[in-house]
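Below is one structure, written out as structure tokens, with a few remarks after it.
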Amino acid sequence: MALEDYRDDCTNCSRCSYCKWIPFDHIKSARFARACPSMEYCNFQAYSLGGRLSVGLSLLEGRIGYNDELKDIVWKCQMGGACDVSDKICRYNIEGLEVMREMRFKLVEDGQTLPQHKPYIDNLHKEENMMMEPGVNRGKWADGLDVKNLAEEKAAVVFHAGCRYSYAEGLQKTARMAVMMLRDAGVDIGIMGENESCCGGRVYQWGYRKELNGCARKNTRVWADAGVKTVVTPCAECYYTFKRLYPEIGFTFEVIHVVEYINRLIKEGKIKLTRSVPLTVTYHDPCHLGRLGEPYVPWQGTREKIYGQIPVWKPSKPRYNGAWGVYDAPRNVLKSIPGLALVEMERIREYAWCCGAGGGVLEAYPDFAAWTAAERLAEAKATGAEAIVSACPWCERNFADTVKSQDEKIEVYDIIDLVQMAL
Amino acid sequence: MEMIGKQKIIKEHKILDSYSHDNSFTLPMQPRLVVQPRNADDVQKIVTWANRTKTPLVPVSSGEPHFHGDTVPSVPEAVIIDLRRMDKIIRIDRRNRMVLIEPGVTYAQLQPALAEEGLRLSTPLLPRQSKSVIASLLEREPTLVPKYNHTLLEPLRCLEIVWGNGEILRTGDAGGYYPTLEQQWEMGLAQVFSGGPGQVDYYRLVSGAQGSIGIVTWASVKCEVLPKVHRFFFIPADNLKGLVECAYRLLKVRLGDEFLVLNSASLAAILSRDADGIQALKNKLPPWVIIMGIAGRDLFPEEKVDFQEKDTRDIVHQFGLELLPAVSGIGGGQVMSTILNPSPVTYWKLTYKGACQDIFFMSTLDKISEFVNTVFAAANALRYPVSDIGIYLQPQHQGTACHCEFNLPYNSGNKIESDHVRELLDTCSEALIEQGAYFSRPYGIWADMVYNRDAGNKEMIKTIKGIFDPNNILNPGKLCF
Amino acid sequence: MALSRDAYRALEDIVGPGYISEDPAVMDSYAYQWLAETVRPNQSKFMPRPEAALLPGSTKEVQAIVRTCNKYKIKVKPYSTGWYFYGAPLTEGVIQLDMRRMDRILEIDEKNMFAVIEPYAIAGVLQAEVMKRGLNCTVTGAGASCSTLVGATCYHGSGGTSIYTGELRENLLGAEWVMPNGEILRTGSIGSGCGWFCAEGPGPSMRGIVRGALGARGGLGVYTKCAVKLSPWPGPVEFPVEGTAPAYRSPLPGNFRAYTLAFKDWDSLFEAYYRLYDNEIGYYAHRQWTMLGADLGPAFWMLYQDPTKSLDDIEEFVQKQEVKEFTEEMRRSFQLVLVGMSQRDIEYQDKVLERILEETGGWKVKKWLEPEMEQFALLYLLRLGKKNLNFVYTGGWVGNFMQVGTPDFVKKYRPLAEDATREYQEKGLLVDCGSDSMMGCVGSISGGGNCGLEQFGFYDVADKVSTAAAVEWMKHCIQEEAMHNIPPGKEGMYLAVGKTHEELQQDLAKQPATHTWQRKIKQALDPNDLGDRMYPTLDER
């Protein structure tokens, strides 16, 4: 696909501004009614989904050329997809998020990259991770862990820690707990250690299309060699990449987020939560586990018009509008923890506010990433919760860093930590 | 004068004299003559002539007595344009509940005609017999049914206006595509929508203008369905604050039809035919009372009144108050028959002492108690009997605003009393304005007090008057300039 | 024609460098507008590109901008949410004011039932906030996404609940207006410093310059604050929302009802309008579902309820027997929401409605009585957060007719609207969804008495032929209207955007008095012609 293939999507925008707000049906207050961090931070129309569609059309029509402002418009966005959900309340014929991604692809292909991203891309090429770390250290998070190493053994399930859990010191113990929790519950699970590679999903969303293929090939080959049928990951971004992007380019495994697995094991009685965790928490839906975490549905089709002018796809095109993301599993897990109270924020599930870390924003626009996180923390605090819990290391780290830098008074937890506390 | 053709012209001194003053403290000024047009064409001719000769015109639609000084010329040599001969009820449209009337039509004349068609109008509180419906509505006098007061100008809708420069414009949907009323009627239209035409609400520009921007030669007015069942109730109270809280709750859910608050002096003045009766009744009545009419108009009227009475009673009880069919021996029926009709020939405000000055303004219900304290304190300071002060609160615009009116009866033959009232009027008005009372219809002495505090609107009114009445023909001097 | 550097710097000094831009990509995002394609050369989606876009943060800044524009003779066009081409520059050489930073709800006076708002306080947000206090606001037909201040001061301000909650023109109380000459006018009680509760006066009500029937649509200064009257909301403090995206629904308590009322013929339907007015029942009364076509709409509403389905599946739905019956049952219908202020009230209203249906031979459409359908209807109609389903078929839609008047008047042009559309649908130039794709208020003003029907035509905005046909259809409607002595509808206003000055003058000359008075007002308030022809004036001859 190319931007040109999305000309109709750009033309179809009704400039209605739905993309700037959470679905109107869900609005509960003025304070937490907005959906789009980019628009709220940058304010000009061009920074909304609708604005970007018009910029896309303008590019296609040759009305504008490349400059730094255009790059800013294209990349100052987490690609969290809240706009896309709101847009699809009324529309079946605009793929807004795809257009935004396609604009990034086009700019990268035309050499119009963002300099702030370059070191990360270089490091990915060289060291196969997004953390600016040496590749050889990737397996160290699991040093001493009594779990199968799938470089040498075989298992039905691979635990893919992902770059952030592998390298971030504060998060490594969470990954260790997760894999042990599953092993102890009887899951035939192993890890790839040093042979694990970046999923490639993050840079794909930055506009680096080719890199995804390389990462996918590498990861899926080692999984296949180890007899893996199921991939389990604690990272929402990896989950999205495996669940949605890999099958799109031909690599299909069963993909489960850790929190789904834990939920299943609790239901089956294989994990028993007995200790009280007297905390009031609120749950942050990671974009990539929630609205973007819908399973890929294979499809090929052609466009035709019915009833004179309605453009439709034949056969029916699968619809990704956030309806089928992973929302209930983490909530069920939290509700299973004795003593713990779950209170909801105003923006949840498919219309959750983004943490701020995605889409290359954390790396290129750290202030914007922190601002976005601070907005979410304000919303979390408004519930009266003592802690915000999530199921993605990128969200958690961005929240934790913002809590620290802005002297916020709220705890940040990975859902795995809370489960561990309740065991 | 030949330009105004065969219109009736009055030059008799006695009649001119009657137009030279009114019941307010406005300085008397003799007009040059009185002209009585028969139709819009006549009005247009007069205005054209007045522009040519730079003659001031003072439009008058109601008969005596007048109270606001708005019909007394402010400048010499003015011509009174008395519209009372234009008293046709042009069309009653039951289906669309609209009536089209000329400016000389009074409430006393209109209500029976409407009743024959199963309609009625929400009126001001006991309008005098001679009160022009159009004048009342144009001056934004409050009406008794807040729930029908969709805007302060309701039920006024479309107008035909002769502007100060002599041009005619029809407003609202009467000023749209179809040039004549007959064509509009033929298309099923009924002059229902008040806005425009275009980007201007012309009817608002002539409202509250005391005839100083344009002269209205007909108006369409929205009617109510004539009630089949109609009952009146009282909610008495010793203090206003508690009553106001209850009123808010009732207004919020739009319960009831007529809805007003009176103090004992005001209710006594309304119900009694002479001064002794007022004095006696005043002492019997509770200090404050909400008067509430509940009407059943079309389908299941009994049931409607019944359930609204019950709902009202439930709410009233929550405030420790009572909904009563009668109070101090006065039945709801008696109040209903009084306040749903025009005043007796002797205007009710004049019954007690022969003369009366009013202070009225707009505010919100929650602030009224403070204003009452201010007026009472000023009255005490000037030894005006507080117990004589009538107070009328009329929730408007579905409860968002409230008309607040103090009636100060006095004996105009007694100079000391008269001077005291004049002083009271003056000091109270200043104090109330300082306190945040909104004098939305700044007649007489209020004009300077109000406009000097609102330079923006003052300038804009000058600009607008300059556009529509470039020669300042219409009632000059009434608006602060 | 870029701004002079002096002018740019002067403007930048007012708002700060972060809130002004003249970058071409940013400017194109402002120029891009719905309906531009119907009036611009080559069906471009872009209106003229603004010279700069500014995001003022206060009345003071707006005033300073307007004064600077007077100094440098720069035209200025404000918009709030910016939906559709009226809000865009109509010519070159215009700066766009994007009011989105002025988004506050400054005050909610619960007792006196009004809210004071800034331009970018949208209806959906305002409603959410006032519901917490047992109040509701009028959500205009433009929907939850649009500015309430704009509906009150600058545009049409009617919505489905107007019959009960009023038209925003009626609800407008005090207002603050930066006039094109750079002066500020505060109309009503706020001008006297007495609060926002009253719209009129003092004396002659200068509020009359604000809006009229239609509004100046950004063509005559900038409204920076206003108060709007609110109405009772005897429901929960927030909508309880259930269901899967996109068909959210709200189970509201027992004092709420949503009905689709259908009739054997049009006369009976309009008779029911009159009966509702006289009996004063109904919180929301609007013809809504038929906007997607009497033939195709019902299938869409069924499809929409199923989150596993998409528009691609609509043909499958049309074939279902259940849908066929549903379609026939609701062919001549409108929606009525009853809201009881008490249990007794809702019971009374239900009883009255039953009698009106008996009198008029109407019925309640069964499918819409199913709990989930009713819950969907309640949320849809009361929040109007899915209003832009108008665009669902094709991304292109235009609403013709909508001449507001009594039901007896609307009844007269209703067949014409269908006749003028049928050919375009049958030829496949517009979506063939049924020649009755009319929506509109049952009561466009408080208490009813006025209504309207807007005939929707859906064209594929990405298809040149279809877009051209939509323009032809609009012109055809105007011709047909003229032949049948019906005034031009909304299509006349849309096409006016693309007319030359001379063509427009010819149109305006048909109502010379109105547009001459407007010229005089504009001359007085906008001496340097900063505004555009959204405030139309007839040239001096």
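Counting only helices (runs of 4 or more DSSP H) wholly contained in segment A:63-155, the ones carrying 1 or more residues that are within 14 Å of another protein chain (Cβ to nearest Cβ) and of a type in the set (S, T, N, Q) occupy A:82-87. Could you check segment A:305-316 and list, in sequence order, the residues that are open to solvent by 30 Å² or more (accessible area, probe 1.4 Å) and closer than 27 Å to C:Lys427 by Cβ? Of everything in segment A:305-316, those that are open to solvent by 30 Å² or more (accessible area, probe 1.4 Å) and closer than 27 Å to C:Lys427 by Cβ turn out to be A:Lys305, A:Tyr307, A:Gly308, A:Trp313, A:Lys314, A:Ser316.
Here is a check on your reading of the model: is C:Asp267 assigned to a loop (DSSP other than H, G, I, E, B), of a type in the set (Asp, Glu) and surrounded by fewer than 24 Cβ atoms within 10 Å (Cβ to Cβ)? In short, no. Taking C:Leu220, is it open to solvent by less than 10 Å² (accessible area, probe 1.4 Å) and either at the interface with another protein chain (Cβ under 10 Å from one of its Cβ atoms) or touching a residue at least 60 places away in the same chain (Cβ under 8 Å) (or both)? When the stated conditions are applied, C:Leu220 passes them. Give the residue that is nearest to the other protein chains (Cβ to nearest Cβ), with candidates limited to residues of segment B:466-481 that are crowded, with 22+ Cβ neighbours inside 10 Å and of a type outside the set (S, T, N, Q). It comes out as B:Leu479. Applying the condition of being part of a helix (DSSP H, G or I) and small (Gly, Ala, Ser) to segment B:376-425 and asking which residue is nearest to the other protein chains (Cβ to nearest Cβ) yields B:Gly399. All conditions in (1) open to solvent by 30 Å² or more (accessible area, probe 1.4 Å); (2) more than 24 Å from B:Phe193 (Cα to Cα); (3) in contact with a helix residue (DSSP H, G or I) (Cβ under 6 Å, 6 or more places away or on another chain) hold for B:Gln109, with the sole exception of (3). Listed by position, the helices (runs of 4 or more DSSP H) inside segment C:430-536 whose residues that are open to solvent by less than 10 Å² (accessible area, probe 1.4 Å) and closer than 24 Å to C:Val94 by Cα number at least 2 are C:512-525. What do you reckon, is A:Ala46 facing another protein chain (nearest Cβ under 7 Å), part of a loop (DSSP other than H, G, I, E, B) and either open to solvent by 10 Å² or more (accessible area, probe 1.4 Å) or over 14 Å from A:Val85 (Cα atoms) (or both)? So A:Ala46 fails the test. Within segment C:353-367, identify whether any single residue is open to solvent by 10 Å² or more (accessible area, probe 1.4 Å), assigned to a loop (DSSP other than H, G, I, E, B) and either aromatic (Phe, Trp, Tyr) or within 14 Å of chain A (Cβ to nearest Cβ) (or both), and answer yes or no. No, segment C:353-367 has no match at all.
Within segment C:89-129, being more than 9 Å from chain A (Cβ to nearest Cβ) and either in contact with a Cys (Cβ under 6 Å, 6 or more places away or on another chain) or open to solvent by 20 Å² or more (accessible area, probe 1.4 Å) (or both) holds for C:Leu90, C:Thr91, C:Glu92, C:Leu106, C:Glu107, C:Ile108, C:Asp109, C:Glu110, C:Lys111.
Scanning segment C:380-389 for residues that are at negative phi and either out of contact with any strand residue (DSSP E or B) (no Cβ under 7 Å at 6 or more places or on another chain) or crowded, with 24+ Cβ neighbours inside 10 Å (or both) returns C:Tyr380, C:Leu382, C:Arg383, C:Gly385, C:Lys386, C:Lys387, C:Asn388, C:Leu389.
Considering only residues in segment B:374-425 that are of a type in the set (S, T, N, Q) and farther than 20 Å from C:Gly195 by Cβ, the one that is surrounded by the most Cβ atoms within 10 Å (Cβ to Cβ) turns out to be B:Asn407. Would you be able to say whether some residue in segment C:328-335 is in a helix (DSSP H, G or I) and open to solvent by less than 10 Å² (accessible area, probe 1.4 Å)? Looking for residues that are in a helix (DSSP H, G or I) and open to solvent by less than 10 Å² (accessible area, probe 1.4 Å), one finds none in segment C:328-335, hence no. Criterion first (farther than 21 Å from C:Glu370 by Cβ, open to solvent by 10 Å² or more (accessible area, probe 1.4 Å), of a type outside the set (Ser, Thr, Tyr) and out of contact with any Asp or Glu (no Cβ under 9 Å at 6 or more places or on another chain)) does C:Asp312 satisfy it? Here the answer is yes, as C:Asp312 does meet what is asked. Taking segment B:426-448 as the range and being open to solvent by less than 40 Å² (accessible area, probe 1.4 Å), in contact (Cβ under 8 Å) with a residue 60 or more places away in the chain and outside any helix (DSSP H, G or I) as the test, the residues that pass are B:Gly436, B:Ala437, B:Tyr438, B:Phe439, B:Ser440, B:Arg441, B:Tyr443. Number of residues in segment C:4-42 that are away from chain A (no Cβ under 14 Å) and open to solvent by 20 Å² or more (accessible area, probe 1.4 Å): the value is 10. Within segment C:28-43, the residues that satisfy the criterion of being within 25 Å of the chain's Cα centre (by Cα) and in a helix (DSSP H, G or I) are C:Asp28, C:Ser29, C:Tyr30, C:Ala31, C:Ala36, C:Glu37, C:Thr38, C:Val39, C:Gln43.
Residue count for segment C:399-422 under the criterion of being buried (at least 23 other Cβ atoms within 10 Å of the Cβ) and either assigned by TED's automatic domain parsing to the domain that holds C:Asn136 or in contact with a Ser or Thr (Cβ under 7 Å, 6 or more places away or on another chain) (or both): the result is 2. If you check A:Ala380, A:Ala373 for being within 18 Å of the chain's Cα centre (by Cα), crowded, with 22+ Cβ neighbours inside 10 Å and assigned to a helix (DSSP H, G or I), only one passes: A:Ala373. The condition of being within 18 Å of C:Glu51 (Cα to Cα), within 14 Å of chain A (Cβ to nearest Cβ) and of a type outside the set (Lys, Arg) holds for C:Gly82. Taking the listed residues B:Gly208, B:Gly214, the one that is within 30 Å of B:Asp469 (Cβ to Cβ) and within 7 Å of chain C (Cβ to nearest Cβ) is B:Gly208, with no other qualifying. Of the residues in segment A:338-353, at least one is touching a Lys or Arg at 6+ places or on another chain (Cβ under 6 Å), crowded, with 24+ Cβ neighbours inside 10 Å and over 15 Å from A:Gln78 (Cβ atoms). Go through segment C:222-255 and give me each residue that's part of a strand (DSSP E or B) and either under 25 Å from the mean Cα position of the chain (by Cα) or assigned by TED's automatic domain parsing to the domain that holds C:Trp301 (or both). Once the filter is applied, which keeps residues that are part of a strand (DSSP E or B) and either under 25 Å from the mean Cα position of the chain (by Cα) or assigned by TED's automatic domain parsing to the domain that holds C:Trp301 (or both), segment C:222-255 yields C:Val222, C:Tyr223, C:Thr224, C:Lys225, C:Cys226, C:Ala227, C:Val228, C:Lys229, C:Ser231, C:Pro232, C:Arg249. With respect to (1) within 12 Å of chain A (Cβ to nearest Cβ); (2) more than 27 Å from the chain's Cα centre (by Cα); (3) buried (at least 22 other Cβ atoms within 10 Å of the Cβ), the lone exception for C:Val318 is condition (3).
Does B:Glu154 meet the test of being under 21 Å from the mean Cα position of the chain (by Cα) and either charged (D, E, K, R) or within 14 Å of chain C (Cβ to nearest Cβ) (or both)? It is true that B:Glu154 is under 21 Å from the mean Cα position of the chain (by Cα) and either charged (D, E, K, R) or within 14 Å of chain C (Cβ to nearest Cβ) (or both).
The values are calculated or read from the model by the stated rules, or taken from the named source; none is laboratory data. Nothing here was measured: the structure is a model prediction, and the numbers come from that model. In this analysis, Cβ positions are derived from the backbone assuming ideal geometry, glycine residues included, and neighbour counts consider all displayed protein chains. Calculation scope for accessible area: heavy atoms of the full protein, side chains included, ligands and nucleic acids excluded. Shrake-Rupley method; radii C 1.70, N 1.55, O 1.52, S 1.80 Å.
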